[in-house]
1. Looking at this structure, is Arg59 assigned to a helix (DSSP H, G or I) and modelled with pLDDT of 90 or more?
2. Take the residues of segment 70-117 that are farther than 16 Å from Gly175 by Cβ and assigned to a loop (DSSP other than H, G, I, E, B): which is least open to solvent (accessible area, probe 1.4 Å)?
3. What are the residue pairs meeting all of these: first residue in segment 40-67, first residue not assigned by the TED database to the domain that holds Leu136, second residue among the small types (Gly, Ala, Ser) and surrounded by 13 or more Cβ atoms within 10 Å (Cβ to Cβ), Cβ atoms under 6 Å, and 6 or more apart or on different chains?
4. Hey, can you tell me all the residues within segment 121-145 that are open to solvent by 40 Å² or more (accessible area, probe 1.4 Å), touching a residue at least 40 places away in the same chain (Cβ under 8 Å) and more than 24 Å from Ser69 (Cα to Cα)?
5. Which numbered condition in (1) modelled with pLDDT of 95 or more; (2) of a type outside the set (Val, Ile, Thr); (3) open to solvent by 30 Å² or more (accessible area, probe 1.4 Å) is the only one that Leu159 fails?
Amino acid sequence: MSPTQVIVIVLVVLVIVAAAAVAVRQLGRRRALRSKFGPEYDRVVAEQDSRSAAERELRDRERRHAELSLTPLSPESRARYSAAWEELQVRFIDSPGETVGDADELVTRLIEEQGYPTGDFSDQIAHLSVEHARTLSNYRDAHDIHLRNTRGEASTEELRQAVVHYRALFADLLGEEPLGQHTPDQRHHPDHDATSR
């Protein structure tokens, strides 16, 4: 074998090893993003033109999230929000439409107090996705029902479901379930346990 052939073979081997290393690193990053963002990863991939564009978007979310000054809730704030949520759920029976609007406002106040931006809903979702990705689909669904409710298009069952969805994010942000596993109407109808699941 000539020295030129040996050099070519060595170069080919080095290129293959480098390509394998890059592929392994990309696979590791992909797994880390999938693990961190959960269903939000798949949602962003479906919305973007390519997987690499989606992964860039998610890494950009992580970067923007790192720039936030998030503040943990004090025990007093936590208790105040839990009490507000309990009051909200009790009011659901008498005024479900108004209660959904109040739930949206309460969740927004909780998000804001922790230091997340609350202006544009899509920006809010992007910032929340870094630490609360598992409950974002609930939040999106609740917010959609809230918007339909403002147009008079949501049924009482949808309004009940919106409160259940808001509670999922609320509990995630609070770090605890505010009232156990009761949905708004279970306080008066305990035979509806299956509806909270």
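1. Details: assigned to a helix (DSSP H, G or I): yes; modelled with pLDDT of 90 or more: yes.
Considered against the rule, which asks whether it is assigned to a helix (DSSP H, G or I) and modelled with pLDDT of 90 or more, Arg59 comes out as yes.
2. Across segment 70-117, the extreme among qualifying residues is Phe92.
3. Glu40/Ser129; Glu40/Ala133; Val44/Ala54; Val45/Ala54; Gln48/Ala54; Arg61/Ala126; Arg61/Ser129
4. Ser137
5. Only one criterion in (1) modelled with pLDDT of 95 or more; (2) of a type outside the set (Val, Ile, Thr); (3) open to solvent by 30 Å² or more (accessible area, probe 1.4 Å) is unmet by Leu159, namely (3).
The values are calculated or read from the model by the stated rules, or taken from the named source; none is laboratory data. Only a predicted model underlies this, so the values are computations on that prediction, with no experimental measurement involved. Methodologically, a virtual Cβ is constructed for each residue, glycine included, from the backbone with ideal geometry; neighbour enumeration extends over all protein chains shown. The accessibility values were calculated without ligands, DNA or RNA, using every heavy atom of the protein model including side chains. Shrake-Rupley method; radii C 1.70, N 1.55, O 1.52, S 1.80 Å.
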